[in-house]
Amino acid sequence: MIKKILSTLLIVAPCCVITGFAQTKQATKDTTKTVIIFNNGSSSIPKKSYSAGNNIVKIDPIGFIFGKIPISYERRLSDLFSVQLSAGITSKNYLRSVWEEGSTEPAGSNYTYDDAAPSGFEDETDGLYNFDHRTASLGYTIGLQPRVYISEEALEGSFFGLGLNMARFNFSTPGLVKGSSGNTLTGSAKNEYENIKDVTVYFGWQRLYDRLSLEYSTGIGLRKVDGVKYRAGGSNGSFYESLSSYSKKTGVNFEISFKLGFQL
């Protein structure tokens, strides 16, 4: 009897295990789900926006070479337009000083003095851009530049601008003292100045990086120059000196600008 019972258990037990495994596998299959993702069919990728700011404050790191240290502020008016305002100080124009070292300007046919020197007069002072004895003092510069962005994504991309700029350069030079052995520049200081007014058309490019900006532009326009220069020297055995007003013929001006900015 015992043998029959054991034989029956050995046959039934494996069948139960196989049946349970089959049911578990079937249940696993029944719980499997299929997920279908529908695409809207659009393959366009939104353009990256570097900044939502509408204002940039800029500096010109190479401006001091031209005697200018301006700070500029650009304001976005729309996707197409912006306006830039500039203001700063002026000092010695190093590039012009090197370029025209030893020059006797203002002189020649391009310059006109308001007062006429006496016959035989020879100016013994330094040329206006010669700094052997002359020193530069602080002046000022201001500018206005409306812009049109070609990409219609102001303040980024290529742009055209119309610039109205004015700069005043101030100088001081020692007076000429007449002596028995010759004239020397050892007298009291004489104040001189030069005004430069430009109307310039710019073409440039500006890129925005998170909170920073980078701008490069070139320009061509018209320049008007006037000022006051100290003149002194001998004239047919006599001595003549004067703070003489002068003006220069309007000429063509070329400009290169490089600016770094911070977005507000």
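Looking at GLU194, is it touching a residue at least 24 places away in the same chain (Cβ under 8 Å) and within 20 Å of ASN55 (Cβ to Cβ)?
For GLU194, the condition - touching a residue at least 24 places away in the same chain (Cβ under 8 Å) and within 20 Å of ASN55 (Cβ to Cβ) - is not met.
Which one of PHE169, PHE121 is hydrophobic (A, V, I, L, M, F, W, C) and farther than 22 Å from THR250 by Cβ?
Just one listed residue meets the conditions, PHE121.
Can you run down the residue pairs with Cβ atoms below 6 Å, 6 or more apart or on separate chains, where the first is in segment 74-95 and over 14 Å from GLY161 (Cα atoms) and the partner is charged (D, E, K, R) and surrounded by fewer than 16 Cβ atoms within 10 Å (Cβ to Cβ)?
ASP79/GLU152
Could you grab me the full set of residues in segment 150-160 that are over 15 Å from GLY261 (Cβ atoms) and part of a strand (DSSP E or B)?
SER158, PHE160
Tell me which residues, restricted to segment 51-74, are basic (Lys, Arg) and either over 14 Å from the mean Cα position of the chain (by Cα) or in a loop (DSSP other than H, G, I, E, B) (or both).
none
Would you point out the residue of segment 121-136, among those that are of a type outside the set (A, V, I, L, M, F, W, C) and surrounded by 15 or more Cβ atoms within 10 Å (Cβ to Cβ), that is nearest to ARG76 (Cα to Cα)?
TYR129
I need a count of the residues in segment 145-165 that are aliphatic (A, V, I, L, M), farther than 26 Å from VAL228 by Cβ and exposed (fewer than 15 other Cβ atoms within 10 Å of the Cβ).
Count: 2.
Does segment 106-146 hold any residues that are over 30 Å from PHE81 (Cβ atoms), among the aromatic types (Phe, Trp, Tyr) and in contact with a Gly (Cβ under 8 Å, 6 or more places away or on another chain), and which are they?
Hit for segment 106-146 is PHE121, nothing else.
Quick note: the coordinates plus some simple rules give every number you see, no bench work behind them. Because the structure is predicted, anything quoted here is derived from the model rather than measured. Please note: Cβ atoms are built from the backbone with ideal geometry, for glycine as well, and neighbour counts cover all protein chains shown.
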